[in-house]
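See below for the structure under consideration.
The values are calculated or read from the model by the stated rules, or taken from the named source; none is laboratory data. This structure is a prediction, so every number in the text was calculated from the model and none was measured. Glycine gets a Cβ as well: all are built from the backbone with ideal geometry, and neighbour counts include every protein chain shown.
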Amino acid sequence: MKSGFHNVALIVAAGKGERAGAARPKQFALLGGKPVVAHSIDAALTHPAIDGVIVVTAADQRQAMEVALDGRDVRAIVDGGASRRESVLAGLEAISALGGAVRVLIHDAARPLLPHAVIDRLLAQLDGSAGAVPVLPVADTLATADEALGDIVPRTGLVRVQTPQAFRFDAILAAHRLWPVDQEATDDAQILRAVELEVAMVEGDSMLEKITHPQDFASAEARLAARASIRTAMGYDVHRLVAGEELWLGGVLIPHDKGLSGHSDADVALHALTDALLGTIGAGDIGMHFPPSDPQWRGASSDRFLEHAAALVAEARGSIEHVDLTIICEAPKIGPYRDAMRNRIAALLRVDMARVSIKATTTERLGFTGRGEGIAAQAVATVRISGDI
């Protein structure tokens, strides 16, 4: 195809989530430190076979969605309709307007923990089918119910259907366009079957359980924690104090008779923190990413270095749990600027200020810091990396 997508993911997140009992729609509630909707978007963005992501949200939730996306590279945010079916159709029409696709995965944001292996199985199944859905066997006893327990319903031949549901794009778009506007469908597979096209089944995954009620968040947190790893790394940096330079520490300009000398703005605090974050994902050190020999970084703000490290952590499906920074100097006094530094670092990392700790100490006038010749900083970063689900 000269335009459009080969495999596109359509993430549907236009509901109000009232049964989840939260003050805001469940797709924007936090799970494992980031919005529910961000989990499935990240799974799609990091899958090598997916070359585009489209998100559908309610028109009055667009601003909240942009905040939840936090710079993630989605191709479009589409306004949804009054029902899930209308929202999906709006997304499909948006894909068509962007040039179409070969295959589309339609996924509900309420199933945030999307394993790559399920995507693999679905895409492989589309080689011989117009549609494919992930399913799980029914393990519980089923029965009818009114005021009292009724007859047992045989489980033979029954499965639980999950999302994402995968389709050849042209087939599902045509089926949606033909579906009666005054009828609703339980899912997109039903819409495809209505035009007499076969929907195949692949093995689903318990990670894909839907978040519907308040207690489902705790279950999802437990599943996420079981697949996640906690990583901690350290960073350290030193720069000389010289006359005629500005003193930047922790992203804050501090009045002082001397400043730090270096190729960039020489902010030792942000440099140490950048190295600590890079260490959590095994991505080398600050010099590898921003070589001092490269003139483009002369005088550069260290904000850029820290934001780059945080972006790499996010790409590795990581979330920053906590950072702890110690600044070592005789002068200036750090206390008056501590909260300003915490606030600036929290903004750069896009975390709550409570996740940023800053301490200061001296070396009792011993060594180069004790003599006022330079400032040192050491940092520890703790990151939660989502498992390969």
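The condition (being surrounded by fewer than 24 Cβ atoms within 10 Å (Cβ to Cβ) and farther than 20 Å from T212 by Cβ) is satisfied by just one residue among V53, V67: V67. Taking the condition in a strand (DSSP E or B) and under 30 Å from R227 (Cα atoms), does M201 pass? Criteria met by M201. The condition (being under 24 Å from G71 (Cβ atoms), among the charged types (D, E, K, R), in contact (Cβ under 8 Å) with a residue 12 or more places away in the chain and buried (at least 18 other Cβ atoms within 10 Å of the Cβ)) is satisfied by just one residue among D324, D275: D275. As a summary of the residue check, L114 satisfies the conditions (1) touching a Ser or Thr at 6+ places or on another chain (Cβ under 6 Å); (2) within 20 Å of R85 (Cα to Cα) except for the one numbered (2). Taking the criterion of being assigned to a strand (DSSP E or B) and among the small types (G, A, S), the residues of region 56-109 that qualify are A76, A101. Evaluation of D60 against the conditions (1) surrounded by 15 or more Cβ atoms within 10 Å (Cβ to Cβ); (2) over 24 Å from D216 (Cα atoms) shows that the sole unmet condition is (1). The numbered conditions (1) within 22 Å of I358 (Cα to Cα); (2) modelled with pLDDT of 95 or more; (3) part of a strand (DSSP E or B) are all true for I230 except (2). For region 284-310, filtered to residues that are surrounded by 13 or more Cβ atoms within 10 Å (Cβ to Cβ) and among the aliphatic types (A, V, I, L, M), the residue that is nearest to D265 (Cα to Cα) is A300.
Filtered by the rule that a residue be of a type in the set (A, V, I, L, M), farther than 18 Å from S206 by Cβ and part of a loop (DSSP other than H, G, I, E, B), region 125-170 gives L126, A130, A148. Scanning region 189-198 for residues that are surrounded by 21 or more Cβ atoms within 10 Å (Cβ to Cβ), of a type outside the set (G, A, S) and either touching a Gly at 6+ places or on another chain (Cβ under 9 Å) or part of a loop (DSSP other than H, G, I, E, B) (or both) yields a single hit, L192. Restricting region 248-272 to residues that are in contact (Cβ under 8 Å) with a residue 40 or more places away in the chain and in a strand (DSSP E or B) leaves a set whose member that is surrounded by the most Cβ atoms within 10 Å (Cβ to Cβ) is L249. Taking the residues in region 171-188 that are without any contact (Cβ under 8 Å) to a residue 60 or more places away in the chain and not in a loop (DSSP other than H, G, I, E, B) as candidates, determine which candidate is farthest from A117 (Cα to Cα). Here the answer is L178.
In a loop (DSSP other than H, G, I, E, B) and not assigned by TED's automatic domain parsing to the domain that holds S302 - does that describe any residue in region 213-225? The answer is yes, given that some residue of region 213-225 is in a loop (DSSP other than H, G, I, E, B) and not assigned by TED's automatic domain parsing to the domain that holds S302. Tell me, please, whether a residue that is crowded, with 18+ Cβ neighbours inside 10 Å and within 20 Å of L113 (Cβ to Cβ) can be found in region 144-162. Yes, region 144-162 contains at least one residue that is crowded, with 18+ Cβ neighbours inside 10 Å and within 20 Å of L113 (Cβ to Cβ). Against the numbered list (1) modelled with pLDDT under 95; (2) in a helix (DSSP H, G or I); (3) of a type in the set (D, E, K, R), E245 comes up short only at (2).
Pick from region 6-31 the residues that are modelled with pLDDT under 95 and assigned to a strand (DSSP E or B): which of them is surrounded by the fewest Cβ atoms within 10 Å (Cβ to Cβ)? Out of the qualifying residues, it is L30. Taking the stated definitions as given, is H176 farther than 27 Å from F217 by Cβ and surrounded by 15 or more Cβ atoms within 10 Å (Cβ to Cβ)? Yes: the conditions hold for H176. Cβ separations smaller than 7 Å between residues 6+ apart or across chains give no pair from region 217-240 residues that are in contact (Cβ under 8 Å) with a residue 12 or more places away in the chain to residues that are part of a helix (DSSP H, G or I) and basic (K, R). Determine whether S206 is farther than 30 Å from A38 by Cβ, surrounded by fewer than 16 Cβ atoms within 10 Å (Cβ to Cβ) and modelled with pLDDT under 95. So S206 fails the test.
Quick grid of which residues meet (1) out of contact with any Gly (no Cβ under 9 Å at 6 or more places or on another chain); (2) closer than 21 Å to L312 by Cα; (3) without any contact (Cβ under 8 Å) to a residue 12 or more places away in the chain; (4) surrounded by 15 or more Cβ atoms within 10 Å (Cβ to Cβ):
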position	(1), (2), (3), (4)
M341	no, no, no, yes
A346	yes, yes, yes, yes
S357	yes, no, no, yes
T363	no, no, no, no
L366	yes, no, yes, no
G372	yes, no, no, no
A377	no, no, no, yes
V380	no, yes, no, yes
S386	no, yes, no, yes
